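See structure below.
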Amino acid sequence: MAMRTWIEPVVAGSQVASAFYDTALLLVVKDYYNHTNATAPSHALEDAQQKAVSDFYIVYNLVLGLTPLVSAYGLSKLGDKMHRKIPICFPLLGYLVSKTLLLLLILLSWPIEVMYGAAAFNGLTGGFTTLWAGVMALGSLGSSESRRSLRLIIIELVYGLAGFLGSMASGYLFVGFSDRYREGTVLVGCSIACYAFCLLYSIFVLTVPKPAASCPAKAKSTEEVGSQLPAHKKAAAAGSSQPSESSSSTPVSPSKLIIIMLFVAAVLYDLAVVGAMNILPLFLLREPLSWNAVEIGHGNAAGYVIFITSFLGVFVFSRYLRDITMIMIGVTSFSAGILIMAFVQWTFLFYIARAVMLFALIPLPTIRSMLSKHVEGSSYGKVFVLLQLSLVTTGVVTSTVYNKIYQNTMNWYSGFCFILSFLVGCLSLLPL
């Protein structure tokens, strides 16, 4: 029964599927616009292709990011009140259907705009916003507070390892069967099969773990908060921990302040990461790198190595450092790496930039862990989905703005967006 509470098979299977799908979608869109602009002069073909692919992803990411706003909170609230598997199974069903539409697009030569409808259906069934909030809620529910940061980073580690393996294989699967099937057919088919496995596992095998420990008493919560406040504020925090009938139902003000600051830091950091990662695939397709499908798969896989290094970082740092210090280390790691990425001219420098980002994954799961220590267990789903909705909403705006900035700066300086992400990443240190 203990093994049946593991959420890791769903995380691994869905991330392998996502890695397959992301590579397939990018290359299918690229090929589609290559054919569309086939009559353009060769010197103008690359710029036309870059702008067309960028415009596609602006609309696609807008639809994918905004549609979960309709359903995510409701699904997560149902998960808190009725059954924890609701915010996991609904999004997986949406993934399964939306990825099937890409397969039909390849086989039936449908227009690329069909993928906007696929993104809308994916979002209306909860999308990644609801799925990841549900995963984090289950992970938090089954772990003690002392080991929660480690538990959540282990889930992130499984996510990263699965993405690494999926990305490494994706380029080969995309081109490896092109002599017998249309390019992308096998890759998208494998993605659909992985999502089908995850959905069946979630429905028939997965069980909800029993809470490992209840939320701490208010006095203990105040003590934990006080350890993270300046010395002159600790007395006030301690004073508010005196038991009373009203304080038993209302969080102490230092907790509210910390929750707000954690939300602000998470949003700013996610803005920096999402902006840079949305531009990176386009950056890899054009000169000076001009990568092919296999090289893009390897590059994506390199990005997933940070899941391993971030896990090792939390495993070691959590013994000696506070959560807030680990978060700041992660922010600094990403900011330094993305600054190097702005000056990449050769393949080896790309991998150096990725290596510097070795702790870039630490901030968000550690922020979630800190948040879970200041709310009741029955509210995990709502709090995590509110955070995820904040991140997604910011990500949608960021994706649009960054794509437009990239279009206007790619001929002047293609790494400008990475410098912008470096500055925003440094800004996220302020609330921390």
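The values are calculated or read from the model by the stated rules, or taken from the named source; none is laboratory data. Owing to the predicted nature of the structure, the values given are computational and were not obtained by experimental measurement. Quick reminder, even Gly has a Cβ in these numbers, built from the backbone with ideal geometry, and neighbours come from all protein chains shown. We work out accessible area using only protein heavy atoms, side chains counted, and drop any ligands, DNA or RNA first. Shrake-Rupley method; radii C 1.70, N 1.55, O 1.52, S 1.80 Å.
Some notes on this structure:
- Boolean, S290 is among the small types (G, A, S) and under 20 Å from the mean Cα position of the chain (by Cα): no
- Condition met for A38 (in a helix (DSSP H, G or I), open to solvent by 30 Å² or more (accessible area, probe 1.4 Å), at pLDDT below 85 and more than 24 Å from Y172 (Cα to Cα)): no
- Long-range neighbours under 8 Å by Cβ, at least six apart or interchain, first residue over 21 Å from L62 (Cβ atoms) and in contact (Cβ under 8 Å) with a residue 24 or more places away in the chain within segment 400-423, second part of a helix (DSSP H, G or I) and charged (D, E, K, R): N411/D47
- All conditions in (1) at pLDDT below 90; (2) within 17 Å of L152 (Cβ to Cβ) hold for T347, with the sole exception of (2).
- For segment 351-409, filtered to residues that are among the basic types (K, R), surrounded by 19 or more Cβ atoms within 10 Å (Cβ to Cβ) and at pLDDT 80 or above, the residue that is farthest from A276 (Cα to Cα) is R368.
- The residues listed here are F204, F197, F177; of these, the one that is modelled with pLDDT of 90 or more, in contact with a helix residue (DSSP H, G or I) (Cβ under 6 Å, 6 or more places away or on another chain) and open to solvent by 60 Å² or more (accessible area, probe 1.4 Å) is F197.
- Residue tally, condition open to solvent by less than 40 Å² (accessible area, probe 1.4 Å), part of a helix (DSSP H, G or I), at pLDDT below 85 and of a type in the set (G, A, S), over segment 114-162: 5
- Considering segment 163-174, the residues that are open to solvent by 10 Å² or more (accessible area, probe 1.4 Å) and within 18 Å of the chain's Cα centre (by Cα) include one that is modelled with the lowest pLDDT, namely F164.
- Test: residue in segment 327-346 that is within 30 Å of Q49 (Cα to Cα), of a type in the set (S, T, Y) and surrounded by fewer than 19 Cβ atoms within 10 Å (Cβ to Cβ): no
- Some residue of segment 265-287 being in a loop (DSSP other than H, G, I, E, B) and either modelled with pLDDT of 50 or more or in the same structural domain as L371 (by the TED database) (or both): yes
- Condition check for Q15: surrounded by 15 or more Cβ atoms within 10 Å (Cβ to Cβ), under 24 Å from L200 (Cβ atoms) and not assigned by the TED database to the domain that holds I279: yes
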